[in-house]
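Read the structure below first, then the notes.
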Amino acid sequence: MRKNIVAGNWKMNNSLQEGIDLAKDLQKVLNGKTIRCDVVICTPFIHLASVAKEITTIGLGAQNCADKVSGAYTGEVSAAMIASTGAKYVIIGHSERRAYYGETNVILKEKVLLALANNLTPIFCIGEVLSEREAGIQEQVVGTQIKESLFDLSPADFGKIVLAYEPVWAIGTGKTATSAQAQEMHAFIRKTIAGKYGKEIADNTSILYGGSANAGNAKELFSNPDVDGGLIGGASLGVDKFLPIIEAF
């Protein structure tokens, strides 16, 4: 059985103390509740070690990692460093990293390998921009992203990956893919995985939706058979907005 996951991506928000307080507040609210999904928070690098001390049932992740093991790479943070904080997850290939920092499928392939080598679970992001959606090539774009970064993995290693489909045109814009559009793409992604690794691995791969999910639409999105949760941006920055998404399961 694949896992249902709701992961919060804090992006470049919150001072250290604000991050600690948010993590503590979320953990306090979740204590004693029956939650039907795994909850993960992906914080800025400087928060990781401190937040790790404040959470018990919440998973912890970073938002990026370097594509190098170690060395003279000023400003970079390695997968090994992330793992040393107690984090268990790392977002790789977010559309903002692809668009603003020139991260290619080849670079992301290296990041995935290093994350796996350090026992981190990659939350690997894929998705098309508006012009690609309007041109009707979204499946070609997403298929290429998956194949070029992930399809050299062994079946065992691929089985450790969480995917997050993010229609880039729906991130931070207030636009959201319809429930039907989300299901259509998630089903395509699962079919693509099955074509390479077989139905069992495909059926056990968690695929999250990452495009402006919120308390109002989460239940409908998560009710789709191939949508296994969400990668949540702005709505994860407040317990009052994040909790209803978690409880949508």
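Among the residues of the stretch 129-145, is any closer than 17 Å to residue 166 by Cβ, within 14 Å of the chain's Cα centre (by Cα) and outside any strand (DSSP E or B)? No, every residue in the stretch 129-145 fails to be closer than 17 Å to residue 166 by Cβ, within 14 Å of the chain's Cα centre (by Cα) and outside any strand (DSSP E or B). Out of 194, 235, one residue alone is under 15 Å from the mean Cα position of the chain (by Cα), among the small types (Gly, Ala, Ser) and part of a helix (DSSP H, G or I). It is 235. Within the option set 71, 127, 136, being of a type outside the set (A, V, I, L, M, F, W, C), closer than 24 Å to residue 183 by Cα and either surrounded by fewer than 17 Cβ atoms within 10 Å (Cβ to Cβ) or without any contact (Cβ under 8 Å) to a residue 60 or more places away in the chain (or both) holds for one residue only, 136.
Of 35, 41, 46, 58, all but one fail to be free of Cβ contacts under 8 Å to residues at least 40 places away in the same chain and surrounded by 15 or more Cβ atoms within 10 Å (Cβ to Cβ); the exception is 58. Residue pairs whose Cβ atoms lie under 6 Å apart, sitting 6 or more positions apart in sequence or on different chains, and linking a residue in the stretch 184-207 that is among the acidic types (Asp, Glu) to a partner that is modelled with pLDDT under 95, do not occur here.
All of 206, 223, 236, 154 fail the test of being in contact with a Lys or Arg (Cβ under 7 Å, 6 or more places away or on another chain) and of a type in the set (Gly, Ala, Ser), apart from 206. Looking across the stretch 181-212, the residues that are over 19 Å from residue 92 (Cα atoms) and either touching a Gly at 6+ places or on another chain (Cβ under 7 Å) or small (Gly, Ala, Ser) (or both) come down to 182, 187, 192, 194, 195, 198, 201, 202, 204.
Of a type outside the set (Asp, Glu) and not in a loop (DSSP other than H, G, I, E, B): which single residue out of 6, 69, 77 fits that description?
Testing whether each residue is of a type outside the set (Asp, Glu) and not in a loop (DSSP other than H, G, I, E, B) leaves just 6.
The values are calculated or read from the model by the stated rules, or taken from the named source; none is laboratory data. Please read all numbers here as calculations on a predicted model, not as lab measurements. Counting neighbours? That spans all protein chains shown, and the Cβs are built from the backbone with ideal geometry, glycine included.
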